[in-house]
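The values are calculated or read from the model by the stated rules, or taken from the named source; none is laboratory data. Being a predicted model, the structure only gives us computed values, none of them experimental. Cβ: placed from backbone, ideal geometry, glycine included. Neighbour counts: every protein chain shown.
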Amino acid sequence: MSDFKASLNDKMIGRLALADEGQYVVRDTELKGFFLVIGKRKKTFTVLGEFWEGGKRHAKKVALGTVEDLSTRDARVKARDALAKIARGEYAAEAAAAAVAKAEAGLAVQKAADVTLRSAWARYKIYLERKDRSAATIAGYGDHVERLMKDWLDLPLMTLGESPRMVSDHHDRLTKENGPFGANGCMRTLRAIYSHARRSARELPPDNPTTAVDWNEEKRRDTAMGAFDLPAWLDQAGRLRHAIRREFHLFTLLSGSRPAALRQAEVSHFNFARRVLHIPRPKGGAKRAFDIPLSREMMRCLVRAMRASRMLHPENAERWIFAADSDKGHLVEHKEPRERLSKWGNDLRQSYRTLGQAAGLSDVDMHLLMNHRLPGVNAGYITRDKLMSDHLRAAQQKLSHYIVSAGMAPAKDGRPRERAWPRLPSRRIGEEGFDPTPPDPRLGVPIGPRRKKSVELEREAEAA
């Protein structure tokens, strides 16, 4: 359980459960500084007071006894007496002796005043890595700390804890300069770092300074496409000069995948026999790994992407499906100018969900296909892997067919276009009459299925 406040009494304390791991704190609303520490085996009445020495303020915590030894009324009487002694400095010598003893024993004693935002972030980053958070998540936290709170890096957390108005004012400035979403995200990062730091520096003020923030209202972006939007979008995507990026955007739409996870798809993750693409590190880390069932349209898309990767980046294509000339060897940026491609990234994920509803897929099937947690106890009994080879693949096929059919504009004679992207066979990539996106003729590259494109060609095509 997490810490909370309540009016302590014997009846209420008797109902509190022991901690499953670690400990949690219940603070008394009647007497400031008086609280109950609940661990795995016992519940202990405790006080935390402050005293001044040498012109500096210090904190002292004193355990009064367990609930087996004291009633709440007796513990509150002892608490008032202990807080008075702490304020008079009667515990100062004892606190100093304890600190010396710890130092002599080789134990590192960290005072709350020594904990800066920089050091707290360094410890929290290690915590995130141990929790197997994705590199993108950690980088996002780092951007908040090192860019949006760079002036506070060497500021003690104690200062922020005692000056919540400073935090709320900074949130107001960020709202004007970086927008409401960026300001809220930065404050959520600070809230997490402060709470984590207080686990080891209990002298920090218990109230998180972000409680003073007036949070900006956040609304989900309404950027999905409907069936009537698909012909225009597929025409835009089909005109992209870069064959790998073209297939990346199409597969994002057909799978509803998060772009960050899809960019790192490896050839070894593509199981052609089982018709699945394994996503080993989606949002939530490795524990949320899952397989995407592949429709025929998705299979063709991946094969075209791998063929284009072998043509453009033969070395990197040995490992990556969406290869690129980057330090990592795969696509690292999927954004496109809006005038060139109106929807990309999470716009396509929202479109996938919207089109799934239009195609008649159930809510449970959409949760499973998008790797969302199933709501409710009853749905929790569903085993996703047992539905993969038949039910989920059939649902995926139904949705892919709906998307491609709705997006294929008819030819002039009224019949559907055939053998054109996105139904293009991989061997026809760039071939005149079949691929609607041949290379820019200004580059002077001959058209043909066996041509080889160099890295220089790709760079020029991207800049065109």
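Report, by residue number, each residue of the range 204-228 that is of a type in the set (Asp, Glu) and either touching an Asp or Glu at 6+ places or on another chain (Cβ under 9 Å) or in the same structural domain as LYS61 (by TED's automatic domain parsing) (or both).
Answer for the range 204-228, where residues must be of a type in the set (Asp, Glu) and either touching an Asp or Glu at 6+ places or on another chain (Cβ under 9 Å) or in the same structural domain as LYS61 (by TED's automatic domain parsing) (or both): just ASP214.
Collect the residues in the range 52-72 that are of a type in the set (A, V, I, L, M, F, W, C) and part of a strand (DSSP E or B), keeping them in residue-number order.
TRP52, ALA59, VAL62, ALA63, LEU64
Just one of (1) in a loop (DSSP other than H, G, I, E, B); (2) closer than 29 Å to HIS242 by Cα trips up GLY360, so point out which.
Every condition holds for GLY360 apart from (2).
Yes/no per residue for (1) outside the structural domain of LEU128 (by TED's automatic domain parsing); (2) over 19 Å from SER426 (Cβ atoms); (3) surrounded by 15 or more Cβ atoms within 10 Å (Cβ to Cβ):
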{"position": "PHE290", "(1), (2), (3)": "yes, yes, yes"}
{"position": "LEU294", "(1), (2), (3)": "yes, no, yes"}
{"position": "ARG300", "(1), (2), (3)": "yes, no, yes"}
{"position": "ARG304", "(1), (2), (3)": "yes, no, yes"}
{"position": "LEU312", "(1), (2), (3)": "yes, no, yes"}
{"position": "GLU315", "(1), (2), (3)": "yes, yes, no"}
{"position": "ALA323", "(1), (2), (3)": "yes, no, yes"}
{"position": "VAL332", "(1), (2), (3)": "yes, yes, no"}
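Would you kindly identify the helices (runs of 4 or more DSSP H) lying entirely within the range 73-170 that contain at least 3 residues that are modelled with pLDDT of 90 or more? Break it down stepwise before answering.
Working: elements: 92-104, 117-130, 135-143, 157-162.
The helices (runs of 4 or more DSSP H) meeting that bar are 117-130, 135-143, 157-162.
Quick test for you: out of ASP28, ASP10, pick the one residue that is touching a residue at least 60 places away in the same chain (Cβ under 8 Å), of a type in the set (Asp, Glu) and assigned by TED's automatic domain parsing to the domain that holds ASP74.
ASP10
Just to be sure I understand the filter: pairs with C-beta atoms under 8 Å, separated by 6 or more residues or on different chains, first member in the range 340-354 and farther than 16 Å from ILE403 by Cβ and part of a helix (DSSP H, G or I), second member at pLDDT below 95 and not polar (S, T, N, Q). Which pairs pass?
From the range 340-354, the pairs are ASN346/ARG221; ASN346/ARG258; ASN346/PRO259.
Go through the residues of the range 385-408 one by one and say whether even a single one is at pLDDT 90 or above and on the phi > 0 side of the Ramachandran plot.
no
Show me the helices (runs of 4 or more DSSP H) entirely contained within the range 196-313 in which 2 or more residues are basic (Lys, Arg), within 28 Å of the chain's Cα centre (by Cα) and modelled with pLDDT under 95.
In the range 196-313, the matching helices (runs of 4 or more DSSP H) lie at 243-255.
Go through the residues of the range 302-312 one by one and say whether even a single one is more than 30 Å from ASP132 (Cα to Cα) and in contact with a Leu (Cβ under 9 Å, 6 or more places away or on another chain).
Scanning the range 302-312, I find at least one residue that is more than 30 Å from ASP132 (Cα to Cα) and in contact with a Leu (Cβ under 9 Å, 6 or more places away or on another chain), so the answer is yes.
Hey, can you tell me all the residues within the range 68-89 that are buried (at least 19 other Cβ atoms within 10 Å of the Cβ) and hydrophobic (A, V, I, L, M, F, W, C)?
ALA75, ALA79, ALA82, LEU83, ILE86
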